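What follows is a set of notes on a single structure, which appears directly below.
Please treat every number below as a calculation from the coordinates, not as lab data. The shown structure was predicted, so the numbers you read here are calculated from the model rather than taken from an experiment. With ideal geometry, Cβ positions are generated from the backbone for all residues, glycine too; neighbour counts draw on all protein chains shown.
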Amino acid sequence: MRTFWILTVAVAFVTGCSGERSAYKGGRADAEADISKGLLRIAYAQGEQFPPYFSEYDELLANKYKIRWRLYAPPMKTNLAQARARGYNEVSKVEIERRFGTNALSQTMAEAEKAHGGSRGGRGR
């Protein structure tokens, strides 16, 4: 009986990991496809916490760099949406940094925070 449970847990672990790995690879592929179309985006998974100045950040990215955001949401499971967004961003952020410099995103975030009034914290979107 003990062997049965060990095998069950092992199968569940491997299956869960392969699902996240597949989602991660899918996010990377999505980013490569968007970049090939000339689209720059930053991905988020539904339920992530955003700073109170997110709308300012979003607006600055769109106006300065033509960068928009992409949301991964249900029916995808939360961990899969997060893995897909992580894979997407690993590709897209390299391209953003190549085009605009390694500090473009952090500088834009600082500008957004200043425009918002310097408040800190998080909220869901």
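Quick notes on this structure:
- Built amide H within the under 5 Å cut-off of Leu71, gap 5+: Tyr44
- Pair Glu111, Ser22: separation of 7 Å Cα→Cβ label points (nm): 4.1
- Straight-distance candidates among the lysines for linking to Lys114, with alpha-carbon spacing under 28 Å and chain neighbours fewer than 8 residues away dropped: Lys64, Lys66, Lys93.
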